[in-house]
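K.L.:
Structure provided below as structure tokens; questions to follow.
The values are calculated or read from the model by the stated rules, or taken from the named source; none is laboratory data. Note that the structure is predicted; figures quoted are calculated from it, not measured. In this analysis, Cβ positions are derived from the backbone assuming ideal geometry, glycine residues included, and neighbour counts consider all displayed protein chains. Quick note on the areas: whole protein, heavy atoms, side chains included, nothing else; ligands and nucleic acids left out. Shrake-Rupley method; radii C 1.70, N 1.55, O 1.52, S 1.80 Å.
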Amino acid sequence: LQAMRGILIASTTVLIFASVKIMPLAEVISIFFIEPLLVTILSAIILGEKLGWRRLVATTIGFFGALIVVQPNYEMFGLFSLLPFLAAFCFAIYIILTRQLSQIENAAVLHFNSGLSGLIFMSLVLMIFYNVDIPIFKITMPKDLEWILLLLIGLIATLGHFILIFASKSIEANVLAPFQYLEIIGATFFGFWLFADFPTLTAWLGISIIVLSGIYVFKRETMLKT
């Protein structure tokens, strides 16, 4: 399970990196945030956490919101616009495994083992596809500044995942997941600042549906616990 967790987070990262190369950052993150809704469903199926009909309806509405966001991107980029969906699915299972394993495993050991398995998995993938003409698997050595940025990504990601592991010890997966919607704010800001990308009105409609669905799921879960 720990090896699978590492493979899932590695796959999620690759899919997100591939997505932001062709699509606006805020829209990639927005589509990716069907993940908390996926967690809601998967936590009921895999972990046995209770899932009522209201949360199921909210989750379904959230999926429709994601389809609204992806629609113009699908016309422009075709099947590549579905990459954030795949990333969301991988990360949702990753969250479920984190919830399950954090109850029985030390956070540092869990993070190290997952990182090691992710490293081995991606190394094998790059070796297998080294001679295949697929841009995402093309190996390019980073330059000076890029090494620093890669180091920062590693440090920030490590800190974030440690926090996630500790939070998962005491908070159910379907309650923890909606907090990730805060990333949409950051993605919109940095997408506009760095790349001059800003979501269209149609995208904002879909984003709003996704976020409101997630907030409802969170509120509903809070009410059931009080």
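K.L.:
Excluding ligands, DNA and RNA, what is the solvent-accessible area per residue of the range 63-174 at a probe of 1.4 Å, expressed in Å²?
P.N.:
64
K.L.:
Apply the Karplus parameterisation 6.51 cos²θ - 1.76 cosθ + 1.60, with θ equal to phi minus 60°, to every residue of the range 44-59 and state each ³J(HN,Hα) to the nearest whole Hz, in sequence, with x for glycine and proline.
P.N.:
Couplings: 6, 6, 8, 9, x, 6, 5, 10, x, 5, 5, 5, 5, 5, 4, 5 Hz.
K.L.:
Are there chymotrypsin sites (Phe, Trp or Tyr not before Pro) in the range 87-155 that DSSP puts in a loop and that have at most 12 other Cβ atoms within 10 Å, and which ones?
P.N.:
Sparse-neighbourhood loop chymotrypsin sites (Phe, Trp or Tyr not before Pro): Tyr130.
K.L.:
For Thr200, put the label point 7 Å out on the Cα→Cβ axis and report which residues of the range 23-53 keep their amide N under 18 Å from it.
P.N.:
Residues 23-32 qualify, since their backbone N sits under 18 Å from the label point.
K.L.:
Given 0.36 nm per residue, what is the gain on full extension from Leu116 to Ile171 after removing their alpha carbon distance, in nm?
P.N.:
Here the segment from Leu116 to Ile171 would lengthen by 17.2 nm.
K.L.:
Order the peptides 156-166, 57-67 from the highest to the lowest mean number of other Cβ atoms within 10 Å of their residues.
P.N.:
Ranked from most to least packed, the peptides come out as 57-67, 156-166.
K.L.:
What shape does the range 48-141 have by the C-alpha gyration tensor, where a ≥ b ≥ c are the square roots of the eigenvalues, rounded means a/c under 1.5, and otherwise prolate means a/b greater than b/c and oblate the rest?
P.N.:
Note, shape of the range 48-141 comes out oblate.
K.L.:
Placing one identical point scatterer on every Cα of the chain and ignoring solvent, what is log10 I(q)/I(0) from the Debye formula at q = 0.08, 0.09, 0.11, 0.15 Å⁻¹?
P.N.:
Log10 I(q)/I(0), no solvent term: -0.30, -0.38, -0.58, -1.08.
K.L.:
Still on this structure, I have one more. Apply 1/(1 + (r/R0)^6) to the Cβ-Cβ distance of Gln103 and Phe162, taking R0 = 22 Å, and write down the FRET efficiency to the nearest 0.05.
P.N.:
0.85
K.L.:
Counting pairs of alpha carbon atoms under 8 Å apart in space and at least six apart in sequence, what relative contact order in percent does the range 36-147 give?
P.N.:
Once divided by the residue count of the range 36-147, the mean separation gives 24 percent.
K.L.:
Compute the Cα gyration tensor for the range 1-102, then decide on rounded, prolate or oblate, letting a ≥ b ≥ c be the square roots of its eigenvalues: rounded whenever a/c is under 1.5, prolate when a/b is larger than b/c in the other cases, and oblate in all that remain.
P.N.:
Oblate.
K.L.:
Now a separate question. Lysine pairs, Cα distance under 27 Å, 8 or more residues apart or cross-chain: how many in the chain?
P.N.:
Close lysine pairs under the 27 Å cut-off: 7.
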